[in-house]
1. Do any GluC sites (Glu not before Pro) in region 119-203 lie in a loop, going by DSSP, with at most 15 other beta-carbon atoms within 10 Å of their beta carbon, and if so which?
2. Which of rounded, prolate, oblate describes region 26-96, given a ≥ b ≥ c as roots of the alpha-carbon gyration tensor eigenvalues and a/c under 1.5 marking rounded, otherwise prolate only if a/b is larger than b/c?
3. For region 31-38, what does the Karplus curve 6.51 cos²θ - 1.76 cosθ + 1.60, with θ = phi - 60°, yield as ³J(HN,Hα) per residue in whole Hz, taken in order and with x for Gly and Pro?
4. Please give me, ordered by residue number, the chymotrypsin sites (Phe, Trp or Tyr not before Pro) of region 30-75 that lie in loop per DSSP and have at most 16 other Cβ atoms within 10 Å.
5. Give, rounded to the nearest 20 debye, the magnitude of the charge dipole that region 49-203 has about its Cα centre when Lys and Arg contribute +1 at Cβ and Asp and Glu contribute -1 at Cβ.
6. Quick one: 3J(HN,Hα) in Hz for region 111-116, Karplus 6.51/-1.76/1.60 with θ = phi - 60°, rounded, Gly and Pro as x.
7. Along each of the three principal axes of the Cα atoms of region 142-182, give the extent in whole Å, ordering the values from largest to smallest.
8. Output ³J(HN,Hα) for region 69-75: one whole-Hz value per residue in order, computed from phi by the Karplus curve 6.51 cos²θ - 1.76 cosθ + 1.60 with θ = phi - 60°, and x for Gly and Pro.
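Please treat every number below as a calculation from the coordinates, not as lab data. None of these values were measured; they are calculated from a predicted model. Here Cβ is always computed from backbone atoms with ideal geometry, including for glycine, and neighbour counts include all displayed protein chains.
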Amino acid sequence: MKIYLIRHSESIDDIEDCYGGIADFDLTENGKNKVKDYKSKIENYGIQKFYTSPYKRAYQTAQILNENINAELEIVENIRELNQYGIMSGVNKERAKEIFSYVLKKEEYKNFGYYTGNTFLGGEDIKEFDDRIKNAINYIVKSSKDFNCIAIVTHGGVYRSIFKNILNIDKKIVGIEDLGTTVLEYNNNQFTVININGVELEK
């Protein structure tokens, strides 16, 4: 089975410079247009089912990609984004520096993010996040045993967890473009990376 792992397109938090995470932002108009351009490339890939995060930026991406394909589309709760920003989710980054200055000065919150193993106050435990991503991917592949090709539309944090813990890629992801896509082959309980596009790994 072929799997297209796709990061969502540009969302409002990107242009308003807000912390995303669990904050549920819509796609921007530019983001929607990017998906419309991209969907023409994937319409002949033979995708039989889309699995998507429940968050708007991922779900809207999946909906647009599926407009002409008309495949089954399923929301999978557990491929939602990592809650790494906690109480700062949805807040403009400059504003957050002001209103959370006291907490940001605490040693435990001076460095946080997926690869640090630490999230901000009110955030999600990284191990629990990794566990739910593993469970979600296991659910998806088991549910897709009758398909030859599927797509998973999700987020940067989920991408990082999949690369590290499922694909066993030891390099950290430095950045992921809008609609960054990794093509995988899944056979006999094994994942093989076919192609990585729009994903920057550390040198």
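1. Working: sites: E124, E128, E177, E185, E200, E202; in loops: E124, E202.
Sites meeting the loop and neighbour criteria: E202.
2. Working: a/c = 3.62, a/b = 1.76, b/c = 2.06.
Note, shape of region 26-96 comes out oblate.
3. x, 5, 5, 4, 5, 4, 5, 6
4. Working: sites: Y38, Y45, F50, Y51, Y55, Y59; in loops: Y45, Y55.
Those that pass, being in a loop and sparsely packed, are Y45.
5. Working: 20 positive and 21 negative charges, 67 e Å.
The calculated dipole for region 49-203 is roughly 320 debye.
6. Once θ is set to phi - 60°, the couplings for region 111-116 become 9, 9, x, 3, 6, 7 Hz.
7. Principal extents (Cα only, largest first): 34, 23, 13 Å.
8. Using θ = phi - 60°, the values come out as 7, 6, 7, 5, 10, 10, 7 Hz.
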